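The values are calculated or read from the model by the stated rules, or taken from the named source; none is laboratory data. Since we're looking at a predicted model, the values are computed, not measured. All Cβ positions, glycine included, derive from the backbone under ideal geometry; neighbour counts span all protein chains shown.
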Amino acid sequence: MHHHNHYYGQAHILARYCGLNDLHPPRMRGYLQHGWNVACGWNPVHEFFDGAWRYTWSDPPRRRGHSLGRRNYHVIGAPFLYLADMEPDLGKVPEEERSGTLWFLFHGWEGGGKGGKIEGDHARLISEIKETETEQVTISLYYTEFERPEVRRAYEKAGFEVICFGKRGWNYEGTDRRFLYKQLETFRRFKRVAANRLSTAIFFGTAVGCQPAVYGDPMELEGDNPLFGGQARIKRLWPEMHGKDVDLAAARATTDVELGRSYVMPPAELRMLFDWNVRD
Amino acid sequence: MFVTDQTLPPIVRGEIQPWTDRNPTGGPVLAAFLADLLPASAGRILVAGPHDTDVLELAASRAGEVTVLLRSVSDAEALRGGKYTVVTGALDGLAEAVTTPFDVVIAADGLDRLLGPDSPALDWPERAALLRGLAAPGATVVIGVENGFAVTGLLDRRPEKDRYGDDEWRPLHDDPRRPASAAQAEAALGGATRRFALFAPDRRVHTMIESDAVGRTHPGFPGARIALAGLAAQTSATPLLAPVTTAAEAAARAGLLDTVAPGWLVVLGPAGETHTAYLPSGAADLTADGWRLGDRLVPDAESAETVLFRFAAAEDVPGFRAFAARLGALEDVAFFDEIHDFVAAPFAATGRSKAEMLAAAWHRFRDRLIGEHRRHPWPPWMADGDDLVKTWLAMSGVEPTADLLKYGREIVDEAFPAAEQPDLRAALADAEAAQLKIKEQAGHIFGLERTMRFRDQQLRTREQQLRNMRDEMRRFKAGKVVKVASVVGRVARLRDPKRLAGAVKKRARKFLPGRS
């Protein structure tokens, strides 16, 4: 199993869904997509070994992977959807009590010596958020930005609450296996979810009832790979997800496609697919 | 011997001995067809060439006189003494002897076993003309025609010279005037009243289907299924380059399934009302509402198997799942190539519970999906065992118990014995799959080693964390605050006699073996 499978505790969620130990999830015979992806499900330089299966959230990455000569895909739906099914009451408040905007700043990544920082005009973005949002705003920073004081303080000084959901981990270490639990719990009390780039969080929030919005400076990511086609391609492919006031029905339909809602499968099937049944 | 106008000599020119024509044409399917085709009172019937007793009995039941022409002396001798007039010899010899033509001429065996080595080198149209010359004007003539462009011949892996037996003393299939298509055959015969695609393994008719109906069918439709069942029977003992199924489906898609049938039965002259198809299980008719098979009307639509193959190829598991659920909800279940638009054809296996039949149907589907190397999204560790069948049964709403899986397997093995020899393409694909398996297993080992490397790194990280904590603890213990606290603790123990006694006792135990 590749250590990326543990990111955000996704393998842990699926192990729990299958009735297995979710503290130490069993080895998965392949690669699990760990974030919404505009390519084949993984970054362009990701290593794959022969015979490993590729478990994607939805069908579009499978099709793009197939065009790249990659095979052995099986679409399973996003683990976040499995979690939402297993935790129907976590963080739930009456619909009319949901309020405010959970705002996700596009985040960098660990980098591994190849960059991974974001650069952009935070002051301008803050102004735009204030102009747009009518209720209280909570800014969610990934730890890569949360631990950069100059970024975190900019949002705190603007009067926003700033939170961080934790770390996804690296080499099986430091994974916050409650990462997505915390996100789910938080989403369920917010009315809106917003970000400066169409991203995983927007789809997760929309999937659990938030009104999505994508606006503001998308910022630059150090070492961003042009193979993905950039922001222009994303806007061409998902125009219905962009803007300050998007059509909710259209956004939900797209979210269902991108998270692979129709691909969610029963535990017994997933156990066989991951080779998680004990063999004689 | 006194010979009247209608009396034929027992032997005419061109007989062969020693000789036997093996596998005479016939079987109950052909007899059922002839029973519909021939009038109740047919007058004089000539059965030309080797035909089995099903055909001869049927002819005898419809005619005042049945003449059977056999070129083999021993075959003719074996048949004499019955209700037929048996003439031994070749077609050309009979043509010279016959003075009164026949009302019905049956040559379902074709025109290739009517001459002997001593006969003149008559080509196919000449033999046809001789035969038709024996029929009276307005007579019914039935002729079997072999298709030189049959999919079974195109995919036969034997060289042409090795496909035919001792009766090719002249290369019959090298005849430039031999019809190689239905159109050429009809042109040579001057038009036909009716034509059926003929599927006859070892010349025993397994399936007949009207050429028009089979020419208009599509892959997975009942017409194609009927033809493919006939093809499967026809090729069961033929060494093949590739499975006929794929080629036949492509032909059906192009509307050319009749064009590549193994042969035809051509009817000339008046004919009784016949059904669209004749099968081992009975007759079938294509109506405006679908195929009538016995008492059941089956929609002229794609089979469930075809739809499932398409979902699997598109890797559309949700679509597959929904379709499987609908199949599970059916009252009557059959093998999935026998279900059209959720109506099971009556020639499905019966006498089993619905759950058992579903298990069998999914086993059969698995065999076809995996065995034919079709595209699908499931990993090999699921495809190798029963996991796929378990998954699909659950999709159909049936709990896949071990017993159910076993019964299902038994039903399939009984209904579809394994092919005697795999075709060449399957053998090559199997070999390639085996190579891929080796490569993927090596990849799996690499992956496991890679995981172990990650885990080793994780252990090293933890080890370092432990070392750091231990160092911190050591430094902490060496600090003045901890030392003072330690002295204070000891003093506290000295000041408490009970705790002091307990501590002394504990230490003393170490020096007193056997004491607990």
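For residue B:297, only one of the following conditions fails: (1) modelled with pLDDT under 95; (2) part of a helix (DSSP H, G or I). What is its number?
Here residue B:297 meets the rest and fails (2).
What's the total number of residues in the range A:21-36 that are hydrophobic (A, V, I, L, M, F, W, C) and within 14 Å of chain B (Cβ to nearest Cβ)?
Total meeting the criteria: 2.
Being in contact with a Cys (Cβ under 9 Å, 6 or more places away or on another chain) and either away from chain B (no Cβ under 13 Å) or in contact (Cβ under 8 Å) with a residue 40 or more places away in the chain (or both) is the requirement here; does residue A:83 meet it? It would help to see each step written out before you state the result.
Values: in contact with a Cys (Cβ under 9 Å, 6 or more places away or on another chain): no; either away from chain B (no Cβ under 13 Å) or in contact (Cβ under 8 Å) with a residue 40 or more places away in the chain (or both): yes.
The answer is no for residue A:83.
Under the condition of being surrounded by fewer than 17 Cβ atoms within 10 Å (Cβ to Cβ) and charged (D, E, K, R), which residue from the range A:121-142 is nearest to residue A:108 (Cα to Cα)?
Taking the candidates together, the pick is A:121.
Within the range B:57-89, track down each residue that is closer than 17 Å to residue B:108 by Cβ, surrounded by 23 or more Cβ atoms within 10 Å (Cβ to Cβ) and not charged (D, E, K, R).
Answer for the range B:57-89, where residues must be closer than 17 Å to residue B:108 by Cβ, surrounded by 23 or more Cβ atoms within 10 Å (Cβ to Cβ) and not charged (D, E, K, R): B:58, B:59, B:63, B:66, B:68, B:69, B:70.
Out of the range B:186-218, which residues are hydrophobic (A, V, I, L, M, F, W, C) and crowded, with 23+ Cβ neighbours inside 10 Å?
Step one: of the range B:186-218, the residues hydrophobic (A, V, I, L, M, F, W, C) are B:187-189, B:192, B:196-200, B:205, B:208-209, B:213-214.
Passing the criteria: B:196, B:197, B:198, B:199, B:200, B:205, B:208, B:209, B:213, B:214.
Has the range A:48-58 got any residue that is modelled with pLDDT under 90 and crowded, with 21+ Cβ neighbours inside 10 Å?
Checked the range A:48-58: at least one residue is modelled with pLDDT under 90 and crowded, with 21+ Cβ neighbours inside 10 Å.
So, of the residues in the range A:246-276 that are modelled with pLDDT of 95 or more and among the charged types (D, E, K, R), which turns out to be surrounded by the most Cβ atoms within 10 Å (Cβ to Cβ)?
The qualifying residue surrounded by the most Cβ atoms within 10 Å (Cβ to Cβ) is A:258.
Restricting the search to the range B:200-224, which residues are in a helix (DSSP H, G or I), touching a residue at least 40 places away in the same chain (Cβ under 8 Å) and touching a helix residue (DSSP H, G or I) at 6+ places or on another chain (Cβ under 6 Å)?
Scanning the range B:200-224 gives B:213, B:214, B:223.
Right, residue A:157: farther than 14 Å from residue A:31 by Cα, touching a residue at least 12 places away in the same chain (Cβ under 8 Å) and basic (Lys, Arg) or not?
No; evaluated as a whole, the condition is false for this residue.
Is it true that residue A:42 is within 20 Å of residue A:200 (Cα to Cα), of a type outside the set (Asp, Glu) and surrounded by fewer than 23 Cβ atoms within 10 Å (Cβ to Cβ)? Please lay out each step first, then the result.
Details: within 20 Å of residue A:200 (Cα to Cα): yes; of a type outside the set (Asp, Glu): yes; surrounded by fewer than 23 Cβ atoms within 10 Å (Cβ to Cβ): yes.
In short, yes.
Determine, yes or no, whether residue B:46 is part of a strand (DSSP E or B), crowded, with 21+ Cβ neighbours inside 10 Å and either at pLDDT below 95 or among the hydrophobic types (A, V, I, L, M, F, W, C) (or both).
yes
Would you be able to tell me the number of residues in the range A:7-44 that are in contact with a Gly (Cβ under 9 Å, 6 or more places away or on another chain), part of a helix (DSSP H, G or I) and under 21 Å from residue A:268 (Cα atoms)?
Selection size over the range A:7-44: 1.
So residue A:269 fits all but one of (1) within 14 Å of chain B (Cβ to nearest Cβ); (2) in a loop (DSSP other than H, G, I, E, B); (3) not hydroxyl-bearing (Ser, Thr, Tyr); what number is the exception?
(2)
Tell me yes or no: at least one residue of the range B:448-470 is under 30 Å from residue B:384 (Cβ atoms), out of contact with any Phe, Trp or Tyr (no Cβ under 9 Å at 6 or more places or on another chain), more than 13 Å from chain A (Cβ to nearest Cβ) and modelled with pLDDT of 85 or more.
no
If we keep just the residues of the range A:56-77 that are closer than 20 Å to residue B:436 by Cα and in a strand (DSSP E or B), which is nearest to the other protein chains (Cβ to nearest Cβ)?
Looking at the filtered set, the residue picked out is A:74.
If I filter the range A:37-55 for residues that are of a type in the set (Asp, Glu), within 12 Å of another protein chain (Cβ to nearest Cβ) and more than 18 Å from the chain's Cα centre (by Cα), do I get at least one hit?
Checking the range A:37-55: at least one residue is of a type in the set (Asp, Glu), within 12 Å of another protein chain (Cβ to nearest Cβ) and more than 18 Å from the chain's Cα centre (by Cα).
In the range B:300-320, what residues are in a loop (DSSP other than H, G, I, E, B) and within 13 Å of another protein chain (Cβ to nearest Cβ)?
Listed by number, the residues that qualify are B:314, B:315, B:316.
Kindly state which helices (runs of 4 or more DSSP H) lie completely within the range B:331-434 and contain at least 3 residues that are at pLDDT 95 or above and surrounded by fewer than 18 Cβ atoms within 10 Å (Cβ to Cβ).
Correct list: B:402-415.
Please determine, by comparing only the residues of the range A:143-189 that are polar (S, T, N, Q) and assigned to a loop (DSSP other than H, G, I, E, B), which one is surrounded by the fewest Cβ atoms within 10 Å (Cβ to Cβ). Show your work before the answer.
Step one: of the range A:143-189, the residues polar (S, T, N, Q) are A:144, A:171, A:175, A:183, A:186.
Then keep just the ones that are assigned to a loop (DSSP other than H, G, I, E, B); that gives A:171, A:175.
Details: A:171: 17, A:175: 21.
So, considering only residues that are polar (S, T, N, Q) and assigned to a loop (DSSP other than H, G, I, E, B), the one surrounded by the fewest Cβ atoms within 10 Å (Cβ to Cβ) is A:171.
Which residues, counting only those in the range B:372-431, are farther than 20 Å from residue B:309 by Cα, within 14 Å of chain A (Cβ to nearest Cβ) and of a type outside the set (Gly, Ala, Ser)?
Those that are farther than 20 Å from residue B:309 by Cα, within 14 Å of chain A (Cβ to nearest Cβ) and of a type outside the set (Gly, Ala, Ser): B:398, B:399, B:400, B:401, B:405.
If you scan the range B:308-338, which residues turn out to be in contact with a Ser or Thr (Cβ under 6 Å, 6 or more places away or on another chain) and either acidic (Asp, Glu) or free of Cβ contacts under 8 Å to residues at least 40 places away in the same chain (or both)?
B:318, B:337
Quickly run through the range B:272-301 and pick out the residues that are under 20 Å from the mean Cα position of the chain (by Cα) and more than 30 Å from residue B:204 (Cβ to Cβ).
Result: B:301, single match.
Residues checked against (1) within 14 Å of chain B (Cβ to nearest Cβ); (2) aromatic (Phe, Trp, Tyr); (3) in contact with a strand residue (DSSP E or B) (Cβ under 8 Å, 6 or more places away or on another chain):
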position	(1), (2), (3)
A:179	no, yes, no
A:195	no, no, yes
A:211	no, no, yes
A:217	no, no, no
A:220	no, no, yes
A:230	no, no, no
A:254	no, no, no
A:257	yes, no, no
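Restricting to the range B:98-149, name every residue that is at positive phi and surrounded by 21 or more Cβ atoms within 10 Å (Cβ to Cβ).
Across the range B:98-149, the qualifying residue is only B:110.
Test residue B:178 against the criterion of being surrounded by 18 or more Cβ atoms within 10 Å (Cβ to Cβ), touching a helix residue (DSSP H, G or I) at 6+ places or on another chain (Cβ under 8 Å), over 19 Å from residue B:28 (Cβ atoms) and basic (Lys, Arg), and give yes or no.
yes
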